[in-house]
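Here the structure comes first, spelled out in structure tokens, and everything after it is commentary.
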Amino acid sequence: MSKPRGESAPPSSATVDAGAVAPPAHRSRWRRFSPSMGWPAFWSEILIVFLGVVIALAANEAVQEWTWRSKVKEAEVRLRHDVDTLFIWYAEAVVTQPCVDAQLEALGRRVLTSGEVLQPAPIHRSTTGVDQLASVPGRPYVFGTWDALVADGTATHFARDRQALFNSIARGVENARERGSATWGLLGRLQVMREPIPLDPVVRSTLLADIHELRLISQGAVNSSRQQMTRLERMYGGPDADGIDEFLYGGPQTDDAWDVSRTVVFCKAQGLPLADWRGFSEAPRLPASTAPAAGKTP
């Protein structure tokens with residue numbers, strides 16, 4: 001059967017295959033990332049990827065370094081406040097030590113001079129409403145900022161010498177806190193001296209032993225406080241001297257009894273001796289009874 005005129009036959013499959021243009025081959029970047037693309041192009045791709053990774057890591061490290069430096073700088077400001085507070089507390093320990101020792105010595109004399117029954121020791125009512133045989137400084141001795149920096153890892157980004165210094169201060173604070181706990185424990189035991197208790201040899205020796213231990217703790221505290229003050233002064237120069245005096249002795253800017261050392265206030269009111277904190281860098285003199293004789297070594 002013949003086809004109508006003007007009507008062309010559909011192209012054969014052979015004609016279509018021969019005349020069609022094949023679509024361009026497309027490969028992803030990673031599929032093209034092979035030696036088949038040519039060695040120069042292959043190593044070029046390798047170098048680009050390597051440099052990208054190095055730059056990204058360097059940028060991340062730079063950001064981390066800047067972040068830690070900012071944290072360390074901010075932490076130094078907060079540490080300065082803690083250090084100044086510790087300096088003032090140590091200064092209070094130095095100033096009040098002669099007064100505390102005089103109170104304890106008086107308690108010891110009372111035990112020795114009493115007969116078979118103890119003559120009750122006078123009780124002093126502190127500004128906090130606590131009845132006590134002796135007025136002694138009671139400070140919490142905390143180094144909270146450094147403890148927090150150690151906990152969150154910031155402390156490891158300080159210079160090594162600064163880390164060693166702050167760790168040393170933290171150990172001193174811990175020792176001071178332990179001495180304070182021991183002091184208040186012994187003072188609690190001595191509260192029996194407010195009563196006319198019988199004094200047999202065992203009771204008398206026990207009371208004297210507690211009093212002597214308190215005097216030793218007090219002497220050790222002042223020696224440690226001098227060392228810590230010297231260390232803190234080398235770090236930051238120490239707080240303002242007028243501010244220390246105002247806390248210890250009161251001043252025109254003192255509006256509240258809580259702004260001054262209550263132990264110093266008590267000692268001044270009782271006419272008991274006080275030391276000068278400004279001599280903290282000088283070695284304390286030994287009492288005459290314990291000082292070595294000239295030309296002899298202890």
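Which of the following residues is in a helix (DSSP H, G or I) and modelled with pLDDT of 95 or more: Leu79, Leu107?
Values: Leu79 fails: modelled with pLDDT of 95 or more.
It is Leu107.
Answer yes or no as to whether Gln191 is at pLDDT below 95, in a helix (DSSP H, G or I) and farther than 24 Å from Ala275 by Cα.
Values: at pLDDT below 95: yes; in a helix (DSSP H, G or I): yes; farther than 24 Å from Ala275 by Cα: yes.
So Gln191 passes the test.
Beta carbons closer than 6 Å, at least 6 apart along the sequence or on distinct chains, pair a first residue in the stretch 83-104 that is farther than 14 Å from Ser261 by Cβ with a second that is β-branched (Val, Ile, Thr) for Leu104/Ile211. Comparison of Leu248, Leu232 shows that the only residue that is of a type in the set (A, V, I, L, M) and either under 12 Å from Asp84 (Cα atoms) or surrounded by fewer than 16 Cβ atoms within 10 Å (Cβ to Cβ) (or both) is Leu232. Among the residues making up the stretch 154-177, a single one is farther than 19 Å from Thr230 by Cβ, small (Gly, Ala, Ser) and open to solvent by less than 20 Å² (accessible area, probe 1.4 Å): Ala155.
For the stretch 252-280, a tally of residues being modelled with pLDDT under 65 and either aromatic (Phe, Trp, Tyr) or not in a helix (DSSP H, G or I) (or both) returns 6.
Would you be able to say whether some residue in the stretch 110-119 is in contact with a strand residue (DSSP E or B) (Cβ under 9 Å, 6 or more places away or on another chain), over 29 Å from Val94 (Cα atoms) and exposed (fewer than 15 other Cβ atoms within 10 Å of the Cβ)? Before the answer, list the steps.
Just the residues of the stretch 110-119 that are in contact with a strand residue (DSSP E or B) (Cβ under 9 Å, 6 or more places away or on another chain), to begin with: 116-118.
From what's left, over 29 Å from Val94 (Cα atoms): 116-118.
Next cut, exposed (fewer than 15 other Cβ atoms within 10 Å of the Cβ) only: 116-117.
Yes: one or more hits.
The values are calculated or read from the model by the stated rules, or taken from the named source; none is laboratory data. Computed from a predicted structure; not experimentally measured. Quick reminder, even Gly has a Cβ in these numbers, built from the backbone with ideal geometry, and neighbours come from all protein chains shown. These accessible areas exclude ligands, DNA and RNA; they are computed on the full protein's heavy atoms, side chains included. Shrake-Rupley method; radii C 1.70, N 1.55, O 1.52, S 1.80 Å.
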